[in-house]
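All remarks here apply to the structure that follows.
The values are calculated or read from the model by the stated rules, or taken from the named source; none is laboratory data. This one's a predicted model, so the numbers in the text were calculated from it and none came from an experiment. FYI the Cβ positions are ideal-geometry reconstructions off the backbone, even for glycines, and counts take in every protein chain you see.
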Amino acid sequence: MNIELFIQTRKELGYSQSQLCDGICTQATLSKFENSEQIPAIRILLKLCTRLGLTLDDIFPIQLQSQTEQTKILDQAEFTLITSEYAQAEKSLTQVQPELLNTNSQLQYYFVKGFLSALTDANVVDTLYYFDQIINNLDEQHRTIFTQLAYTGIGVTYSRSGSVEKAEFYFQKVFSGLYELLLIDDKSIWRALNMIFYTAEYFAHVSDYKISDSLLEYGYNVCAKNHVTYYVARILFRQAQNAKATKQPTEVIDELLNDAQAFAKINKNDVLLTRIESMRREAY
């Protein structure tokens, strides 16, 4: 939506918000449209545009090819986030113009941007800003999976910065919402696994391996039931790390590493393959 043009035209014509919406809608409705991109009823929007001399095409310019290209870039960035190719994901995002995206794509953009920031230990304030865009701007009613992803990302951010109590507060919110997730397509499965995996990783970080292993097993079963392999390698590797930390037999750790390596090769996850080899060298 070209809301900037709408606002600029209103100001150029000398209308305040209250003057523009007089006799059409409440000022709150107009404010939500201008500030939060909450689209009012079509009759209201048409009357507002008519008063400003604008058409719907001015506000919703047709850019199907551009939107499709941007969506493909976002999907690629999200996939490389899964495979820990953070530099590649960041490079992809530089090609995206978030102001041109629809609301759902903006949610995806800030989700990926926030996780990249969290996982590369960028400035905490900047990282939380990305997730705040989801929770307090784009998904104020908390009706999408992106709010749960934002809670996960905030938990990761606090965990990596050493704020354990704050991290656990958000991971508990994630855990409480897991049962409500609807796994309807590959993307929703990826995102559910994201929440499960990072929550499990947090509990491993605080040495609560029992909860961590339970979540990892849950995640593994989600992968198996939905025939998704992209998170299997990371889950198996985390299980191997947990097994090592709890001093399980060498053959148990080796089996987990072998399975993790096999799935990492299938998914061409070079970053994880390097980590697996590093763990093997440390063990022997």
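Taking the condition outside the structural domain of Q8 (by TED's automatic domain parsing), touching a Lys or Arg at 6+ places or on another chain (Cβ under 7 Å), of a type outside the set (D, E) and on the phi < 0 side of the Ramachandran plot, does Y110 pass?
Here the answer is no, as Y110 does not meet what is asked.
Every residue in region 2-37 that is of a type in the set (S, T, N, Q), touching a residue at least 12 places away in the same chain (Cβ under 8 Å) and assigned to a loop (DSSP other than H, G, I, E, B), please.
N2
Among the residues of region 159-187, count how many are in a helix (DSSP H, G or I) and more than 19 Å from L81 (Cβ to Cβ).
14
Among residues belonging to region 1-48 that are more than 28 Å from the chain's Cα centre (by Cα) and among the aromatic types (F, W, Y), point out the one that is surrounded by the fewest Cβ atoms within 10 Å (Cβ to Cβ).
Taking the candidates together, the pick is Y15.
One line per residue, one yes/no per condition, for (1) touching a Lys or Arg at 6+ places or on another chain (Cβ under 6 Å); (2) modelled with pLDDT under 95; (3) among the acidic types (D, E):
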residue: I184; (1), (2), (3): no, yes, no
residue: K187; (1), (2), (3): no, yes, no
residue: S214; (1), (2), (3): no, yes, no
residue: F237; (1), (2), (3): no, no, no
residue: E255; (1), (2), (3): no, no, yes
residue: L272; (1), (2), (3): no, yes, no
residue: R281; (1), (2), (3): no, yes, no
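Among the residues of region 218-265, count how many are hydroxyl-bearing (S, T, Y) and within 17 Å of E277 (Cβ to Cβ).
The total comes to 1.
Quick check on region 233-242. Is at least one of its residues of a type in the set (V, I, T) and surrounded by fewer than 16 Cβ atoms within 10 Å (Cβ to Cβ)? Break it down stepwise before answering.
Our first condition is that a residue be of a type in the set (V, I, T); within region 233-242, this holds for 235.
Filter once more, so that each one left must be surrounded by fewer than 16 Cβ atoms within 10 Å (Cβ to Cβ): none.
There is no residue in region 233-242 that is of a type in the set (V, I, T) and surrounded by fewer than 16 Cβ atoms within 10 Å (Cβ to Cβ).
Which condition number does L5 fail, the rest of (1) of a type in the set (A, V, I, L, M); (2) out of contact with any Ser or Thr (no Cβ under 9 Å at 6 or more places or on another chain); (3) closer than 23 Å to K187 by Cβ being met?
Evaluating L5 over (1) of a type in the set (A, V, I, L, M); (2) out of contact with any Ser or Thr (no Cβ under 9 Å at 6 or more places or on another chain); (3) closer than 23 Å to K187 by Cβ leaves (3) as the failure.
What about A87, is it farther than 23 Å from S188 by Cα, part of a helix (DSSP H, G or I) and more than 12 Å from the chain's Cα centre (by Cα)?
Answer is yes for this residue.
Can you find a residue in region 134-146 that is closer than 21 Å to P98 by Cα, of a type in the set (V, I, T) and in a loop (DSSP other than H, G, I, E, B)?
Scanning region 134-146, I find at least one residue that is closer than 21 Å to P98 by Cα, of a type in the set (V, I, T) and in a loop (DSSP other than H, G, I, E, B), so the answer is yes.
Starting from residues that are of a type outside the set (D, E, K, R) and in contact with an Asp or Glu (Cβ under 9 Å, 6 or more places away or on another chain), keep the ones in region 262-276 and report whichever is nearest to T229 (Cα to Cα). Before the answer, list the steps.
At the first step, the residues of region 262-276 found to be of a type outside the set (D, E, K, R) are 262-264, 266-267, 269, 271-274, 276.
Subset that is in contact with an Asp or Glu (Cβ under 9 Å, 6 or more places away or on another chain): 264, 269, 271.
Numbers: A264: 9, N269: 11, V271: 16 Å.
Result: A264.
Just give me the residues in region 254-279 being among the basic types (K, R) and surrounded by fewer than 15 Cβ atoms within 10 Å (Cβ to Cβ), in sequence order.
Those that are among the basic types (K, R) and surrounded by fewer than 15 Cβ atoms within 10 Å (Cβ to Cβ): K265, K268.
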